[in-house]
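What follows is a set of notes on a single structure, which appears directly below.
FYI, it's all coordinate maths here, none of it is from the lab. None of the values given here were measured: they were computed from a predicted structure. Reconstructed Cβ throughout: ideal geometry from the backbone, glycine too, with neighbour counts over all protein chains shown.
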Amino acid sequence: MKKINTRLDSVMSPLNSIAPWFFRIALGIAFFLHGYKKLPAPFMMEEQHRMVTWFESIFIPMPEVFVSIVILVEILGGVGIILGGLIGLLASQAGHFITRISALFLVILMFNVFYIVHPYWFVWPPLKLLTSYQMILFLLTVYFLIRGHNHISGMTEVVQNTPDKTGHFNTMANRWFPCFTDSQILTNLSRNG
């Protein structure tokens, strides 16, 4: 079993840095399409009208404004999740910020979706909540809110090649786990890949 896992790790380790992109692209496209289908284009007016009518029926004030906000958050949030990753390849802090701010607005949107649209999903046992694709979208959004652009799967960003002024490597692992020394991290990394 250990040999198989070791072999699989060696085959899959080059893909560790791109694995989060599967989530990022799927989430970005899903939210973009949710917003895009509500745009006030001649061929999509029915969807937007249905949403405005429904908002009016549950007494949400200014339903046209709120529908526009929902559309903007879905489209810009979806694009922001993907762009945050792309920009993060060149400017890590900017990508991190764009990813997190997009995810924040999407999390707020999803809380409102659960509260306003699907409150009955929280009746025990919450089977509908746990089996809905909205829950998967929500969890992926929370993932990007927490992680931003920082993906350290595969330890690709943990070790920098230059030491700081004290001669130690300034690693994320040292900040998170100060009990590890640079030499322990480098030894473990050399063993694992």
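So is residue 17 touching a Gly at 6+ places or on another chain (Cβ under 6 Å) and assigned to a loop (DSSP other than H, G, I, E, B) or not?
Yes.
Scan 27, 39, 33, 72 and give me the residue that is hydrophobic (A, V, I, L, M, F, W, C), within 20 Å of residue 106 (Cα to Cα) and in a loop (DSSP other than H, G, I, E, B).
When all the criteria are applied, what remains is 39.
Against the conditions (1) within 19 Å of residue 144 (Cα to Cα); (2) surrounded by 12 or more Cβ atoms within 10 Å (Cβ to Cβ); (3) of a type in the set (A, V, I, L, M, F, W, C), where does residue 22 fall short? Just the number, please.
(2)
Condition first: buried (at least 17 other Cβ atoms within 10 Å of the Cβ) and over 13 Å from the mean Cα position of the chain (by Cα). Now tell me which residues in segment 79-97 satisfy that.
87, 88 - these are the residues of segment 79-97 that are buried (at least 17 other Cβ atoms within 10 Å of the Cβ) and over 13 Å from the mean Cα position of the chain (by Cα).
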